[in-house]
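Participant: Dropping a structure here in structure tokens format, bear with me for questions.
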Amino acid sequence: AQEKETRAFEAEVSQVLRLMIHAMYSNKEVFLRELVSNASDAIDKLRFEALADAALRADQGEPAITITLDKEARTLTIADNGIGMSREEVTRSIGTIASSGTREFLERLSGDQKADANLIGQFGVGFYSAFIVAERVELTTRRAGSDEAVRWESTGEGDYTLEAAEKEEVGTEIVLHLREEEDEFLEPLRVETVIRRYSDHISFPILLVEKIDEGEGEKDEEIRQLNQASALWTRPGSEISEEDYTEFYHHVARAFDEPLTRVHTTVEGRLKFTLLLFVPSARPFDLAMGGQERTGGVKLYVKRVFIMDEAEVFLPRYLRFVRGVVDSDDLPLNVSRELLQDNRVVRSMRQTAVKKVLEALEELSADAEKYATFWKAFGPILKEGVIEDADRREQVAALARFASTGTEGAEQTLSLAQYIERMRPGQDAIYYVTADSYEAALASPHLEIFKARGVEVLVLTDAVDEWLVNHLSEFEGKTLRSVDRGALDLESLGKSDEAQAGEEGDDKADATENDESSESQEAPAPWLGEVGELLGERVREVRLSKRLTDSPSCLVREEWEIGERMRRILEQAGE
Ligand code: ADP
Ligand code: MG
């Protein structure tokens, strides 16, 4: 066996520890949530690895997470019979912090203890929350498939020790030597309350063991199960409280916002599967995965057995913000990512998932405030669906919200259906302007004629918008048309009442109006040719316009030309 060694934490670990203990203090009970969550993950992982490795099946006991309270020793011990860790894994997982996220974690600590408590789980620093209540932590672990156990020990102050150890069962045991003032976590009722609040949804039994001193060195044990220990998604929705749903979401998504809406459905027929999917209310920090943007995806279970994280195939890219689990009775337990790629069962589950999530979003849109929250966080991502999902283009487009010349400010609140309702009599197109910002768009001379005619124009400023309008040529039978493209036909609409009132006694506007000659019919003014010569190759043609009321001139493009922003995007891409 290897000798006992002392190692220094990575510099940042000590820093995180100190700050975290300070920041979380008013919410210190979250350490239980984090340790139980890790234990549950570890049991999931062993069950999964044992599917493919018969040798590991021998190691698999009845899954359980055991919390032992020993008042005399002043310890709280949490043990699991999950996958365990090798020495190397301990060093990697417990001696370091997902370091790319660390600095960001520190920067994000806000001083608001509740908000800060929610940060821990997202930064892969859950284990360290043990030090909020413990002055010393001993972790003994044995990796499934190995005979060697290792003990890790630290006071959370700069270094830790590692040494070989004996452990009968595979799995991990963590002993917290509680600080003097943390006696409350030796009280069974206190621990039970916390577990029920945060961990009732955990699929494996959480057992509470109370060591009772009988005197004369005799100790008795009392064991109680604290949770229902059935996979939450298998329970009927009517028996699941809002809090349980939310805590379950926190656990699977490693996020701590309140989800905005969810889909919980079981399909039974030719195929049998369950979906429990959540729409978050905030963008995740995307740091848990080593700083790379998470590609999204849900956890896949087959017959209640955890198979993989981040299974992407069950939802299209444009719904990658959705989190949750899918559980199939029809997929084989040894299913691989490759196998999922072109699979009939997956296709069917995906169809249902997309349909249900879009329906849930439609329902959510009835609540303007919640929908605005959703749209702010994920609007640009959802819009990609208009481009990607030809079958549901119109359905996704109906969920989109836009800023317009008729809405207050840059906030995207207007749906296409609302736009159509507000169209002027005789107007038959949905007009839009694309620009880098709302302000830049409003300054466009192209909008003058629309303003004069009282015609609302959508203001598109997201990077994805240029593609969106390329793919969505019409909505509910109305063509989408850029304000800077092709000939305009607003003539028949006449002026809006508002514009008319503004024009009374306004010579310039009247003059413009009288002056306007049709772009094609009338003989061109003689000076147009001179302007054309002056501009040379830079323009295709110079013609008189009806679209301006204040500005002397503007650039327009032909119906078939690509948009200005698209041209710049392609230019940047080196096209
Ligand atoms: P996260 O759970 O977000 O990865 P944690 O700090 O909670 O971050 O845990 C760090 C890592 O330590 C885990 O990813 C896991 O690899 C390992 N780990 C923690 N607790 C256990 C456990 N009970 N059994 C096995 N591995 C564990
Ligand atoms: Mg964790």
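Participant: How large is ³J(HN,Hα) for each residue in the stretch 534-541, as worked out from phi by the Karplus curve 6.51 cos²θ - 1.76 cosθ + 1.60 (θ = phi - 60°), to whole Hz, x for Gly and Pro?
Facilitator: Computed from phi, the couplings for the stretch 534-541 are 4, 7, x, 6, 5, 10, 7, 6 Hz.
Participant: Could you please rank TRP375, TRP527, placing first whichever residue has the fewest other Cβ atoms within 10 Å of its Cβ?
Facilitator: On the way: TRP375 22, TRP527 9.
So the residues, fewest neighbours to most, are TRP527, TRP375.
Participant: Suppose a student asked you for the relative contact order of the stretch 227-368, using Cα pairs under 8 Å spaced at least 6 residues apart; what percent would you report? If you can, show how the numbers build up before the last one.
Facilitator: Values: 203 pairs, mean separation 31.6, N = 142.
Normalised by residue count, the contact order of the stretch 227-368 is 22 percent.
Participant: Same structure again: For the stretch 219-235 and the stretch 397-415, write down the distance between their C-alpha centroids in whole Å.
Facilitator: Here the two parts' Cα centres lie 49 Å apart.
Participant: Going highest first, how would you order 32-39, 358-365 by mean Cβ packing within 10 Å? Don't skip to the answer; put the middle values down first.
Facilitator: Numbers: 32-39: 23.1, 358-365: 16.8.
Ranking the peptides 32-39, 358-365 by packing returns 32-39, 358-365.
Participant: Could you give each residue of the stretch 240-251 its phi-based ³J(HN,Hα) in whole Hz, using Karplus coefficients 6.51, -1.76, 1.60 with θ = phi - 60°, and x for Gly or Pro?
Facilitator: 10, 7, 4, 4, 5, 4, 5, 5, 5, 4, 4, 5
Participant: Just the C-alpha atoms of the stretch 361-440: what Rg/Rh do they give, with Rh taken as the Kirkwood radius?
Facilitator: Reported Rg/Rh, Kirkwood definition of Rh: 0.96.
Participant: Still on this structure, please answer the following. As an exercise, use a Förster radius of 45 Å and the Cβ-Cβ distance of GLU214 and GLU268 to find the FRET efficiency, rounded to the nearest 0.05. Intermediate values should be presented prior to the final figure.
Facilitator: On the way: r = 52 Å, r/R0 = 1.16.
In this case the efficiency is close to 0.30.
Participant: Would you mind ranking MET423, MET20 by Cβ crowding within 10 Å, fewest neighbours first? Intermediate values should be presented prior to the final figure.
Facilitator: Numbers: MET423 16, MET20 24.
Sorted ascending by nearby Cβ count, the order is MET423, MET20.
All of the numbers you see were taken from the coordinates with simple rules; none came from a lab. What you see is a predicted model; the values in this text were computed from it and never measured. Every residue, glycine as well, gets a Cβ built from its backbone with ideal geometry; the counts of neighbours run over all protein chains shown.
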